[in-house]
1. Evaluate region 108-118: report whether one residue or more is under 26 Å from Leu21 (Cα atoms), among the acidic types (Asp, Glu) and either in contact (Cβ under 8 Å) with a residue 40 or more places away in the chain or crowded, with 17+ Cβ neighbours inside 10 Å (or both).
2. Applying the selection to region 1-48, what residues are of a type in the set (A, V, I, L, M) and within 11 Å of the chain's Cα centre (by Cα)?
3. Going by the conditions given, is Lys72 assigned to a loop (DSSP other than H, G, I, E, B) and among the charged types (D, E, K, R)?
4. Considering each of Leu144, Leu131 in turn, give the residue that is in contact (Cβ under 8 Å) with a residue 24 or more places away in the chain, touching a helix residue (DSSP H, G or I) at 6+ places or on another chain (Cβ under 6 Å) and within 18 Å of Leu21 (Cβ to Cβ).
5. So for region 49-69 (the condition being in a strand (DSSP E or B), touching a residue at least 40 places away in the same chain (Cβ under 8 Å) and under 14 Å from the mean Cα position of the chain (by Cα)), does at least one residue qualify?
6. How about region 147-181: which of its residues are under 24 Å from Gln25 (Cβ atoms) and either touching a helix residue (DSSP H, G or I) at 6+ places or on another chain (Cβ under 7 Å) or aromatic (Phe, Trp, Tyr) (or both)?
7. In region 125-147, which residue that is assigned to a strand (DSSP E or B) and more than 13 Å from the chain's Cα centre (by Cα) is surrounded by the fewest Cβ atoms within 10 Å (Cβ to Cβ)?
8. Please enumerate the residues belonging to region 1-38 that are in contact (Cβ under 8 Å) with a residue 40 or more places away in the chain, over 20 Å from Leu98 (Cα atoms) and not aliphatic (A, V, I, L, M).
Amino acid sequence: MTRIFIALTPKPELNKIISDLKNDQGKLLYKNAKVNWSRNNQHHITLNFIGSMEPEQKEEMFNDLNQRPPFKNLPIEISNLSYFPNENGQVLVANISLTPRLQTLFNEIEVTVAKIGFGMALKTFRPHITLARFKDKSRPFSELIELDDSISSTMDSLDIYESTFDSGKTLHSLIKSYNFE
């Protein structure tokens with residue numbers, strides 16, 4: 001069984017901006033603070049972390065996603081950087097504004113996943129891109145970068161990833177992609 005999640009992956013231009021944000025934020029790291037930065041090629045907005053799936057369940061999900069009307073290109077905006085899930089969290093994220101279209105896509109994915117036997121999410125959807133994780137409860141940064149303006153882009157595919165853990169690192173492998181119109 002594999003661990004599966006459904007996500008939106010930034011286009012190369014947005015991914016470069018996110019990587020630059022991480023680089024700039026890294027300059028505000030306290031000396032000796034330990035932070036595990038997300039790999040630059042692993043940025044994504046998780047819509048649903050399903051977890052372990054049998055191969056038959058994956059195929060059923062792929063079929064359901066193939067049979068639905070095509071998704072439309074999805075505008076997104078990075079609004080700010082913050083700690084997640086709250087100020088005491090040990091994850092640094094780029095928060096994504098929750099638009100009605102993004103909420104609708106999230107809801108549609110929830111229904112698709114529920115059809116194959118996985119429960120609906122109990123938490124409120126708070127879209128974000130994970131930038132870094134840290135274990136120490138104290139803040140590793142002297143401050144968080146403030147954006148002058150939100151960063152806008154569009155997502156042009158819905159992606160299915162397999163998550164594996166190897167040598168202390170989590171790796172994500174793209175296994176299926178559904179292009180938007």
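1. In the first step, residues of region 108-118 are kept if they are under 26 Å from Leu21 (Cα atoms); the result is none.
No, region 108-118 contains no residue that is under 26 Å from Leu21 (Cα atoms), among the acidic types (Asp, Glu) and either in contact (Cβ under 8 Å) with a residue 40 or more places away in the chain or crowded, with 17+ Cβ neighbours inside 10 Å (or both).
2. Hits for region 1-48 are Ile6, Ala7, Leu8, Ile45, Leu47.
3. Working: assigned to a loop (DSSP other than H, G, I, E, B): yes; among the charged types (D, E, K, R): yes.
Considered against the rule, which asks whether it is assigned to a loop (DSSP other than H, G, I, E, B) and among the charged types (D, E, K, R), Lys72 comes out as yes.
4. Testing whether each residue is in contact (Cβ under 8 Å) with a residue 24 or more places away in the chain, touching a helix residue (DSSP H, G or I) at 6+ places or on another chain (Cβ under 6 Å) and within 18 Å of Leu21 (Cβ to Cβ) leaves just Leu131.
5. Residues of region 49-69 in a strand (DSSP E or B): 49-53.
Now drop any that are not touching a residue at least 40 places away in the same chain (Cβ under 8 Å), which leaves 49-53.
Then keep just the ones that are under 14 Å from the mean Cα position of the chain (by Cα); that gives 49-50.
Within region 49-69, one or more residues are in a strand (DSSP E or B), touching a residue at least 40 places away in the same chain (Cβ under 8 Å) and under 14 Å from the mean Cα position of the chain (by Cα).
6. Within region 147-181, Ile151, Ser153 meet the criteria.
7. Arg133
8. Listed by number, the residues that qualify are Thr2, Arg3, Glu13, Lys22, Asp24, Gln25, Tyr30, Lys34, Asn36, Trp37, Ser38.
Here, each number is a calculation from the coordinates, and none is a lab measurement. This one's a predicted model, so the numbers in the text were calculated from it and none came from an experiment. When we count neighbours, we look across all protein chains shown, and the Cβ atoms used for this are built from the backbone with ideal geometry, even at glycine.
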